[in-house]
1. Out of 205, 135, I need the residue that is surrounded by 21 or more Cβ atoms within 10 Å (Cβ to Cβ), more than 13 Å from the chain's Cα centre (by Cα) and assigned by TED's automatic domain parsing to the domain that holds residue 93. Which one?
2. Filter the stretch 60-74 down to the residues that are without any contact (Cβ under 8 Å) to a residue 60 or more places away in the chain and surrounded by 20 or more Cβ atoms within 10 Å (Cβ to Cβ), then identify the one that is nearest to residue 203 (Cα to Cα).
3. Got at least one residue in the stretch 343-351 being surrounded by 12 or more Cβ atoms within 10 Å (Cβ to Cβ), out of contact with any helix residue (DSSP H, G or I) (no Cβ under 9 Å at 6 or more places or on another chain), at pLDDT below 95 and within 16 Å of residue 274 (Cβ to Cβ)?
4. Specify the residue that is nearest to residue 103 (Cα to Cα); the eligible residues are those in the stretch 138-158 that are buried (at least 21 other Cβ atoms within 10 Å of the Cβ) and out of contact with any helix residue (DSSP H, G or I) (no Cβ under 6 Å at 6 or more places or on another chain).
5. If I filter the stretch 104-120 for residues that are outside any loop (DSSP other than H, G, I, E, B), over 24 Å from residue 65 (Cβ atoms) and free of Cβ contacts under 8 Å to residues at least 24 places away in the same chain, do I get at least one hit?
6. Of all residues in the stretch 135-160, count the ones that are in a helix (DSSP H, G or I) and either over 14 Å from residue 186 (Cβ atoms) or modelled with pLDDT of 95 or more (or both).
7. Among the residues that make up the stretch 338-355, is at least one of them within 18 Å of residue 268 (Cα to Cα), free of Cβ contacts under 8 Å to residues at least 24 places away in the same chain and touching a strand residue (DSSP E or B) at 6+ places or on another chain (Cβ under 6 Å)?
8. Does the stretch 245-264 hold any residues that are in contact with a helix residue (DSSP H, G or I) (Cβ under 6 Å, 6 or more places away or on another chain) and closer than 23 Å to residue 33 by Cα, and which are they?
């Protein structure tokens with residue numbers, strides 16, 4: 001593999017494959033999509049992530065041609081797609097229900113769209129064979145959908161969607177019907193298939209872990225708007241708002257008032273009678289501005305002794321311990337009643353744990369461990 005990083009969104013000369021320009025979609029009085037602009041590039045695995053009702057499926061249906069925007073413009077490869085009917089778009093959609101034909105074999109399900117396009121018999125044979133190989137279904141070609149497992153049906157739906165070589169494949173909650181272990185295996189399969197075909201994938205999901213695993217970039221949505229678009233790592237490490245920080249993974253949010261103490265450094269007044277916390281932030285905050293410090297549990301240390309020279313050290317007591325095999329999460333109650341989660345990796349199997357329920361403990365973190373957010 002070449003060492004070039006795939007990041008077309010950072011290249012000003014790259015033209016996006018999909019462009020939403022000030023798109024609004026209303027159903028009666030209800031605004032499903034609110035003046036949304038977004039660029040998605042060729043060969044991206046792009047995730048639309050958000051809670052139910054945030055507008056992600058509406059965006060996908062507009063790309064597929066099942067809905068049209070109330071206002072604004074959607075372009076695919078530089079062309080306005082509004083006048084193009086769904087069956088003429090270089091776009092395919094894979095539904096959560098897979099929608100396979102129960103009376104047709106796996107082979108015939110995959111060949112269905114190619115036959116409708118009047119492709120020659122030899123070309124169909126070659127293309128179906130290629131798709132069966134890609135999705136590792138060669139052994140199941142003659143079976144009917146009810147004779148194979150849920151994960152295999154999911155791959156048949158994928159093979160059928162990719163058979164016509166669309167520029168863009170839309171996946172609506174594609175792994176929703178699979179159990180956790182199979183979902184995880186299938187996520188990696190999807191990534192491999194996406195990479196080997198070079199097709200642009202746009203996936204709709206409310207499963208943050210899934211979006212963070214598969215996507216090159218994630219758009220976190222809320223109420224018809226995109227709140228942040230960034231790589232999974234950026235969204236996790238540098239969320240732009242409390243909403244995004246809170247939506248992705250576990251996080252502690254501490255409300256405070258800011259006071260600058262030197263360059264890019266702030267003291268945070270966060271609780272009556274408690275010493276201020278220290279946080280670093282390249283974003284500037286005015287004196288006494290309300291802010292939120294977002295810190296991931298794995299960035300917080302927990303100990304029985306007061307840590308030396310930690311810029312932020314607080315005493316509390318252990319309320320709860322969640323043991324997750326490789327990790328333990330401690331819920332620590334502070335004197336003011338706020339509960340902070342601290343996480344430690346369980347590197348070895350231990351019969352006795354040092355820290356247990358009701359224990360007095362210290363939690364500490366560095367000035368750069370958290371992200372200071374204005375909203």
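1. 135
2. 62
3. No, the stretch 343-351 contains no residue that is surrounded by 12 or more Cβ atoms within 10 Å (Cβ to Cβ), out of contact with any helix residue (DSSP H, G or I) (no Cβ under 9 Å at 6 or more places or on another chain), at pLDDT below 95 and within 16 Å of residue 274 (Cβ to Cβ).
4. 157
5. Within the stretch 104-120 (the criterion being outside any loop (DSSP other than H, G, I, E, B), over 24 Å from residue 65 (Cβ atoms) and free of Cβ contacts under 8 Å to residues at least 24 places away in the same chain), the answer is yes, since at least one residue qualifies.
6. 7
7. yes
8. 248
The values are calculated or read from the model by the stated rules, or taken from the named source; none is laboratory data. Keep in mind the model is a prediction, meaning the values are calculated, not measured. With ideal geometry, Cβ positions are generated from the backbone for all residues, glycine too; neighbour counts draw on all protein chains shown.
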